[in-house]
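Structure, as structure tokens:
The values are calculated or read from the model by the stated rules, or taken from the named source; none is laboratory data. Everything quoted here is computed from the prediction, not taken from an experiment. Heads up, the Cβs are rebuilt from the backbone with ideal geometry, glycines too, and the neighbour counts pull from every protein chain shown. Just so you know, the surface numbers come from the protein's heavy atoms only, side chains and all, with ligands and any DNA or RNA stripped out. Shrake-Rupley method; radii C 1.70, N 1.55, O 1.52, S 1.80 Å.
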Amino acid sequence: MSKKLYHGVAYYPELWNESVIAEDIRLMKQTGINVVRIGEFAWSKMEPVEGEFDLSFFVNIIEQLHENGIEIVMCTPTPTPPIWFSHGHPERMYVDRDGKVMGHGSRQHPCTNHPYFRERAALITENLAKAVGSLPGVIGWQLDNEFKCHVSECMCPTCKEQWHIWLKERYETIENLNEAWGADIWSEAYLSFEQVPQPGPAPFLHNSSLSTMYQLFSMEKIAEFADEQAEIIRKYSKSPITHNSTVFFDVDNERLFENLDFASFDTYAMIDNFQNYLMLHDLYRNFKKGTNHWVMETSPSYAASLASHATPHPNGYLKAEAVAAYALGAEAFCYWLWRQQRAGCEQPHGSVISAWGKPTVGYENVLEVEEMRKEIEEIIVSTEPSQAELAITYSDKGDVFMKTEPHRGLSYRALLGDFYKRVVNMGIHRDLLPEGASLDGYKLLFTPFLHHLSSEYIERAQKFVENGGIWIVGPLTGGRTENHTIHTDRALGQLEELTGVNVLYTYPMDGTGSIGRAFDVSAPLGLWSSVFESEDNTSIGTIEEGLSQGKSFITEHSLGAGKIVMLGSLPMEEAGDLLLQKLINHYSQEANVTIKSDVTEGTIVAPRQGDGFNVWFIINMDGNAGSVTIPESAVDLKTNSVVSPGKLELDPFEYKIIKIGE
Ligand code: GAL
């Protein structure tokens, strides 16, 4: 549970002179900024010449901020190694898929697996942690900045060596690897691990196993770097450690946060994409259950660089975003950035204060956030997000499998995002649950769009079902092995065995004129689909038209006190959306999902629970006003007035805090 709510900024004092810094601190106080994140690109300020460390500038800044009542998140500066590291050393640099070697400049140019990079990163972090780790005011650490945001898998010779070591650990013998990957195909079979290539330039697609494993290897290595850095900091500081990630980068967030202390994300979603913004909260809240996550970066108005810009938020939206953040479990809401850059490649980016020291177009909105923060702080710190009953599994590994096998340009996040949006629009409180998370406390579980399901996951879900849960699996889920090959016992392997469903065949239904009917709705079917035999009474959805007429696309299987529902295909278009809504509704009712409301689209309810009471944060996100039915007599905590059961209206971007059951 949070003890306070943070309202913060990213700040680059190394770019400004003393008098600007003094003015910035004065303005920050005036604005209500209570936490500042510093240092993540300042390696050359901290170690201008190789081996010559000077942390006094940052010690001094931290002291100044602290004296002014502003707390600090200190960052390690590893995304931007100085020129002495890069110059004349192409072998230390990141190499992209086409074999292009990065030079000095921009950021994320080094190979983070290069031993010399690891050595220098360890040294700078150790020196930094020693210098500032126990200073009062340093309340947290951020490692690096957005791992893999501009780059993905590195193809350099160091990574090649590491790759071979990783493969040896995973497969032990080259025969095992050849067998697991089916490497006899196209004469790929290897005689030793050292011969296994990286998935670099090739005339056609690489073997699925090679491609998927290389991505998993890369994700594991970057998390290992994070682990290594965190260990160093912990020798000198008790403050919790995070990393500012998001779902768009080529990292396995679940693995990345495994050994860190709290989760954070950056987001620049615009208003028309507000569900994506909510999705990040519903996910990041669950990477480190029991701790509060942070919004480490968002723009006070618009993101931009030399080459692009977003549309500025309408007035009022920032406050809606911030109140949603706090209500959905965030402890901090921080901007990128405080003072507009005067140089570099992001001068045009939205900021709180301009490069010339004046409030920007977003400033009034920042003040509104601060006013709101003060208003809600007490109620937030005495409650926590209600335990959701509905969970949707999220997996960055799933994203990897889909990147290897996207069929017709499928995107895991886009598919999942659409599915999530539907649940939000239906007013159901939900969690996006990392693949490895415990299923305790949930009633209804969805596992869509995962080519591969691990045995461990299937067994955990099986227990969940045996204990009374309803598990809805698919579409597209379970057809690939952990090595990204096809099962040869049954179409869906272990999953099929568990459910007893009989998959006849799988094929892409898009464009085949397939129509499915379930819950009194007929809808076109799409996506790579599993067609189920409908000989017994397990079928809930029938294929009415198309190549598999008369067969089934949804089946139900009782197991213990619960059931498994197999969703073999994706109902498409408007009718498909309706069918899916009906399916979600049907099983929510059957599973007795109670935390839901009839909130209108564009408005959300974020439920929180306190000691013996529930609070609904109701927020209009889309600026079009909205309403919700209050189920029983309640109190409006902003006005301290009684709210009778019935329809409650909200103005554009308005938020209400309603204590239910008074
Ligand atoms: C983030 C990054 C920041 C800044 C920002 C601009 O991806 O962490 O350093 O570049 O984007 O939107």
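Contact annotation: residue pairs with Cβ atoms under 6 Å, 6 or more positions apart or on different chains, pairing a residue in the range 79-101 that is in contact (Cβ under 8 Å) with a residue 60 or more places away in the chain with a partner that is among the aliphatic types (A, V, I, L, M) and open to solvent by 10 Å² or more (accessible area, probe 1.4 Å), are M93/V101; M93/M102; Y94/M102; Y94/V151; V95/V101; V95/M155.
Residue by residue, here is whether (1) open to solvent by 30 Å² or more (accessible area, probe 1.4 Å); (2) under 34 Å from the mean Cα position of the chain (by Cα); (3) on the phi > 0 side of the Ramachandran plot; (4) modelled with pLDDT of 95 or more holds:
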site	(1), (2), (3), (4)
T173	yes, no, no, yes
W186	yes, no, yes, yes
A189	yes, no, no, yes
S192	yes, no, no, yes
P199	no, yes, no, yes
H206	yes, yes, no, yes
T212	no, yes, no, yes
L216	no, yes, no, yes
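Every residue in the range 481-514 that is of a type in the set (A, V, I, L, M, F, W, C) and either buried (at least 18 other Cβ atoms within 10 Å of the Cβ) or outside the structural domain of A561 (by TED's automatic domain parsing) (or both), please. If you could, list the steps in order and put the result at the bottom.
As a first pass, look at the range 481-514 and keep what is of a type in the set (A, V, I, L, M, F, W, C): 486, 491-492, 495, 498, 501, 503-504, 509.
The answer is A491, L492, L495, L498, V501, V503, M509.
Inclusion of E254 among residues that are in a helix (DSSP H, G or I) and touching a strand residue (DSSP E or B) at 6+ places or on another chain (Cβ under 8 Å) is warranted.
Condition check ((1) in a strand (DSSP E or B); (2) in contact (Cβ under 8 Å) with a residue 60 or more places away in the chain; (3) in contact with a Cys (Cβ under 7 Å, 6 or more places away or on another chain)) across all residues:
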{"position": "L547", "(1), (2), (3)": "no, no, no"}
{"position": "I564", "(1), (2), (3)": "yes, yes, no"}
{"position": "G576", "(1), (2), (3)": "no, no, no"}
{"position": "Y587", "(1), (2), (3)": "no, yes, no"}
{"position": "T594", "(1), (2), (3)": "no, yes, no"}
{"position": "D598", "(1), (2), (3)": "no, yes, no"}
{"position": "R608", "(1), (2), (3)": "yes, yes, no"}
{"position": "I619", "(1), (2), (3)": "yes, yes, no"}
{"position": "S627", "(1), (2), (3)": "yes, no, no"}
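Restricting attention to the range 262-275, the residues being in contact (Cβ under 8 Å) with a residue 60 or more places away in the chain, closer than 24 Å to S438 by Cβ and not polar (S, T, N, Q) number 1. Restricting attention to the range 318-356 and to residues that are part of a loop (DSSP other than H, G, I, E, B) and among the small types (G, A, S), the residue that is farthest from the ligand (Cβ to nearest atom) turns out to be G329. Could you tell me which numbered condition K289 fails, if it satisfies all but one of (1) touching a residue at least 24 places away in the same chain (Cβ under 8 Å); (2) within 26 Å of F147 (Cα to Cα); (3) within 16 Å of the ligand (Cβ to nearest atom); (4) part of a loop (DSSP other than H, G, I, E, B)? Failed condition: (3). Screening M219 against (1) in contact (Cβ under 8 Å) with a residue 24 or more places away in the chain; (2) farther than 19 Å from Y394 by Cα leaves a single unmet condition, (2). The set of residues from the range 2-55 being within 28 Å of H87 (Cα to Cα), acidic (D, E) and open to solvent by 20 Å² or more (accessible area, probe 1.4 Å) comprises E14, E50, E52, D54.
For the range 452-478, a residue qualifies if it is assigned to a loop (DSSP other than H, G, I, E, B) and either acidic (D, E) or surrounded by 23 or more Cβ atoms within 10 Å (Cβ to Cβ) (or both), and the qualifying residues are L453, G469, G474, P475, L476, T477, G478.
Among the residues of the range 272-286, write down those that are open to solvent by 20 Å² or more (accessible area, probe 1.4 Å) and away from the ligand (no atom under 16 Å from the Cβ). The answer is D272, R285. Condition check for P79 on (1) within 24 Å of the chain's Cα centre (by Cα); (2) open to solvent by 10 Å² or more (accessible area, probe 1.4 Å): one failure, at (2).
Okay, residues lined up against (1) within 16 Å of the ligand (Cβ to nearest atom); (2) within 27 Å of L527 (Cα to Cα); (3) of a type outside the set (A, V, I, L, M):
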| site | (1), (2), (3) |
| --- | --- |
| T360 | yes, no, yes |
| N365 | no, no, yes |
| K374 | no, no, yes |
| L432 | no, yes, no |
| E456 | no, yes, yes |
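None of F225, F249 is in the same structural domain as T76 (by TED's automatic domain parsing), in contact (Cβ under 8 Å) with a residue 40 or more places away in the chain and not in a helix (DSSP H, G or I) except F249.
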